[in-house]
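The values are calculated or read from the model by the stated rules, or taken from the named source; none is laboratory data. Just so we're clear, the structure is a prediction, and the values are computed from it rather than from any experiment. We place every Cβ from the backbone using ideal geometry, glycine too, and count neighbours over all the protein chains shown.
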């Protein structure tokens, strides 16, 4: 069988590296192009030593990005670029008929004004916002099947939306007063040479940041509002902890009168009982990032607290896999009509 | 000047080791006795190699605990024992006139029924509960000055009570709906040979535990209720993160109508402006455990979120120092009439 | 195609878990049985939560080991047992015609007297020593093809033998004066509830151990002697460092007169130029455990020092993959006539 | 008693921070000035949050360095500057009569030609090389007592010289064939925003670097040659491991005919039996960086290997304390006639 050719634009960061890892072993897709201004001319193995022994490493030489050329070489392009840069690359690729899966925040919002409020500048290509599909397969699978531009959600949104949306849809929790307390590994900050992310500054350290108005709140709230059928504003506190990979989110929710243990269990069973990448924990098990590292799985557990009347839901995922590149590959699988788990187990 | 003689019962764990570190360099107290059934006969340096070069190490030989003998040798005894064991050691020491500073949970509650509810067995010495003082100096300094039995609070309660009590007392936050989300280093689990705390099980892992009813809730709620003048029930979620030392707590609070930024700042200034061990952060600074490790300081910052109307308060402390042994030494300083910071800077 | 059925005896440690990871995704082998006295009755997902979502997890229930029964169920058995215990399991399996791949040290030596010298007790099944093959594929591939009992080498031997043997065979380094300085991640110590391996005892710690006579010296020296054609005694210093996975070994060797850069390069090219799991680094690259983690690859680089006249060779591998379970699977592939990289890329 | 005033030039890195920590609590010295181009105008607490609660923090504002002004304010200056920059600061301070303790490599060599060979450029102030004293107190205490310019040795040299020099002087080991294999924490690389030292690049990684000709070889060999009375060339391999603080060095030495266990023990006893900062381990104890972290102590153990005839010596120290700032303070204590352990226990 001929594999479909795919490319990665901006493949030199951590989510780019994770995309390479997944695509090199994909049964239906062939990684045919990798671009990076900084690494142009280097082989895959020179940029990412861990792939140096892969049979395809010598042929896969980084090139400077050229959308027109890329569009002729590949059918699907992943954009692993910083926020704000992705939009300019997407337009010519889409015009050329290429399927674009963007890992940045550029196309995740429907509302350009919200983008400007949270990102501080006007959206660079507002006309594309209407065409893009929010690439969270467990929620928007059918739209992804025919999408031309998929805005693949990042680590924090995934860790919050997957646990909360089924409860909102089932009317089991109130759309007000939602609190998300998240703990992220350092790879979530990207591969940037900044003092804050040095080993010595992160090891033996844990710290909150971006309190109280983190940029990713915009897309989280937009998606929750969609699910709730009314505007949702949440409290979100991200923290940086000394692990490479992983996000653990603890959610505090207010149950509605019809909420009880059976109803919650049933809502999750209906939503995720057959999902290959959502693991509903049972018994005394609680999520742990080490159980999902380098996998595309999100672990989920919940407790109804009889003392406070509150519902506590906890999720764990690998921020680079289910929280970034794995999820993007999952969307590609759906879009291309392949088994959804292809290359992800 | 003659130093006052002090002893440690059960000095072989992490908080015992931290007590040793602090007391070896204390200007007014002399560590005169260390006990441990397991290590009886060994020198300080054999049990804790890092103290082997201290001039006093060769003389300080561990002995099996004998309360009657200990009472003759020292004026102050720290109990660094597991919960449930401390009570039996405290009684004879108190009878002999020794000042007892207990680091376990045995004497932190006033209500023996609550003890039984949370610890699963009747309190071993309920008559002592009335006599003990909750050793949180920033809140109960005057009672500590004359206490015979000081129940020194642990890491989670300290990280929650210090931030919340002034706000409750000032009527700036509601006593309902309080949420405490805490992240603890692994030394908080004690020096126990259990699979869960192996390096490989904790490294690259973050996980919640004890959800939703952790034992320490009992003393946290008793103290908050005292401050609020009414029963307080809170939501508390502890997590284990891969650092040796440190606790980071993020608190979610509901402001009362009279609450605003100036009032919060003023309440904290009044409560802690002159406290040597509470650091009120200003500007963009947020707490970070690495800034307080091996110190007796608790860092505190807060943000009023205009989007949600909620108050987020964050604290960081070293779980072994301000969260255990440093705080116990601070209480000793107060009890003995020494400068409160003696041996702690 | 029907997959060949394989089993794992003693699958509850770290190398057992790594075997499970590799075998669950193997194209030609089917993991059909897992045994563990301690976990008998539990599913795969209960013992190893990270595999809970695998389609085969519910069926794969741990059983107490029964060699006779196992021999009827599977064609190949991996023994992931402590040293000394493996021998008793091997005998009945071999009698029943099962291929046995042992990850312990029990069958790695040819000389039962050396076993007794290093392990402190007589060998439990000396008659099997002559039948076993030392399962280092890069050195003993042809013997592995027809072996019934494969003694798969561990992490330290692999990290030393792969770099040194080609140089000894080519007469480029003297068989005397060899020094191996090795740094091992904590998973190398096994999944044992001992104080020494607690997170707090290993984090921010690096320490040598087993100096100067570590048990694995026996097999390392036996294999080096075989390659050199004369008895070889080496200096070996293992150290424990705070990583989960990985071994970095630095070797100090004395070049012979005929040794020079070209000769070394040629010796390694001949030995490993076509080996899929040995990566000969070039240019300025030096080995790094993070580039081989969770892979079956050993990275290798060398420097001739003109100042000292010495040859320094450095290797990096994942102690659980190339240093244990990956290597065992590689041997199975060879033994069964499958592509050697099957299930390992 | 009036304290002597001291200053730190270039106080914004990790060794600068460690100097601040030690000098803030020194009984005889008062930290009166801190300079940093980058942080000029900021308080101590703004640059190093962990000192923000220290009573002297508000007054201690960073200034841009001005040697003439500094010479009027303080009696002793520590230079915590990058190599090559220190020389230009030292000259005017020395002219003004200030005692200078330099933590860089600029004044550690006697031979300017060796400096140029290893550092790639001519020495900026060769006339000062003759005046400087190599500030290793255990070896050069008497010269330090009257030194005006002290070149305080760094982490690698200290971890090698302290163990080897007494053996060379006693003629117990040969001056040829010495091998030093060192493992350093990441703070040794300095506080530099480079990709190589990001948390994600260092965590779960161990790697050699600077093989085979590291810059610090020059001073190590000069000092060993001095002790041996003949030129000494050694093999040195530094490795980076994921800890914040600490160096573990394993040394491989060739005993001379007169060497035996008693002679080694006696040589070390004579050299270090009364040294407050060298801990000679006995029994089965081996060095461990966690036992010396944040202390000025170097742990030392050795094993004569009857199998190889080689002597293995191991040392552990905190690279920022005994390996940098603690050692510099120790030299200041000696130079100023204070107890050598002042401010260091």
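The single residue among A:164, A:206, A:173, A:186 that is outside the structural domain of residue A:103 (by TED's automatic domain parsing), surrounded by 23 or more Cβ atoms within 10 Å (Cβ to Cβ), farther than 28 Å from residue B:255 by Cα and modelled with pLDDT of 95 or more turns out to be A:186. Within region C:51-72, is even one residue touching a residue at least 12 places away in the same chain (Cβ under 8 Å), within 14 Å of another protein chain (Cβ to nearest Cβ) and within 25 Å of the chain's Cα centre (by Cα)? Looking through region C:51-72, at least one residue is touching a residue at least 12 places away in the same chain (Cβ under 8 Å), within 14 Å of another protein chain (Cβ to nearest Cβ) and within 25 Å of the chain's Cα centre (by Cα). Take region C:269-292 and flag every residue that is touching a helix residue (DSSP H, G or I) at 6+ places or on another chain (Cβ under 8 Å) and within 9 Å of chain D (Cβ to nearest Cβ). Answer for region C:269-292, where residues must be touching a helix residue (DSSP H, G or I) at 6+ places or on another chain (Cβ under 8 Å) and within 9 Å of chain D (Cβ to nearest Cβ): C:288, C:290, C:291. The set of residues in region A:315-345 that are within 11 Å of residue A:245 (Cβ to Cβ) and either free of Cβ contacts under 8 Å to residues at least 24 places away in the same chain or in a loop (DSSP other than H, G, I, E, B) (or both) comprises A:318, A:319, A:320. Looking at residue B:14 and the list (1) within 23 Å of the chain's Cα centre (by Cα); (2) under 15 Å from residue D:345 (Cα atoms); (3) within 12 Å of another protein chain (Cβ to nearest Cβ), which single condition is not satisfied? For residue B:14, the failing item is (2). Do the conditions hold for residue B:152, that is, is it out of contact with any helix residue (DSSP H, G or I) (no Cβ under 7 Å at 6 or more places or on another chain) and crowded, with 21+ Cβ neighbours inside 10 Å? When the stated conditions are applied, residue B:152 does not pass them. Scanning region A:33-49 for residues that are in contact (Cβ under 8 Å) with a residue 24 or more places away in the chain, touching a helix residue (DSSP H, G or I) at 6+ places or on another chain (Cβ under 6 Å) and either within 13 Å of chain C (Cβ to nearest Cβ) or closer than 26 Å to residue C:343 by Cβ (or both) turns up A:44, A:48. For residue D:122, the conditions (1) in a loop (DSSP other than H, G, I, E, B); (2) crowded, with 17+ Cβ neighbours inside 10 Å; (3) touching a helix residue (DSSP H, G or I) at 6+ places or on another chain (Cβ under 6 Å) are fulfilled apart from (2). Please verify whether residue A:111 is free of Cβ contacts under 8 Å to residues at least 60 places away in the same chain and in the same structural domain as residue A:37 (by TED's automatic domain parsing), treating the condition exactly as stated. It is false that residue A:111 is free of Cβ contacts under 8 Å to residues at least 60 places away in the same chain and in the same structural domain as residue A:37 (by TED's automatic domain parsing). All of A:199, A:236 fail the test of being within 21 Å of residue B:205 (Cβ to Cβ) and buried (at least 24 other Cβ atoms within 10 Å of the Cβ), apart from A:199. Restricting attention to region D:320-334, does a residue exist that is modelled with pLDDT of 95 or more and either more than 18 Å from the chain's Cα centre (by Cα) or within 11 Å of chain C (Cβ to nearest Cβ) (or both)? Checking region D:320-334: not a single residue is modelled with pLDDT of 95 or more and either more than 18 Å from the chain's Cα centre (by Cα) or within 11 Å of chain C (Cβ to nearest Cβ) (or both). Here is the figure for region D:17-32: residues that are more than 11 Å from every other protein chain (Cβ to nearest Cβ) and either under 23 Å from residue B:287 (Cα atoms) or under 21 Å from the mean Cα position of the chain (by Cα) (or both) total 8. When restricted to residues that are within 14 Å of chain C (Cβ to nearest Cβ) and either modelled with pLDDT under 95 or more than 27 Å from residue D:15 (Cα to Cα) (or both), region D:235-263 contains 5.
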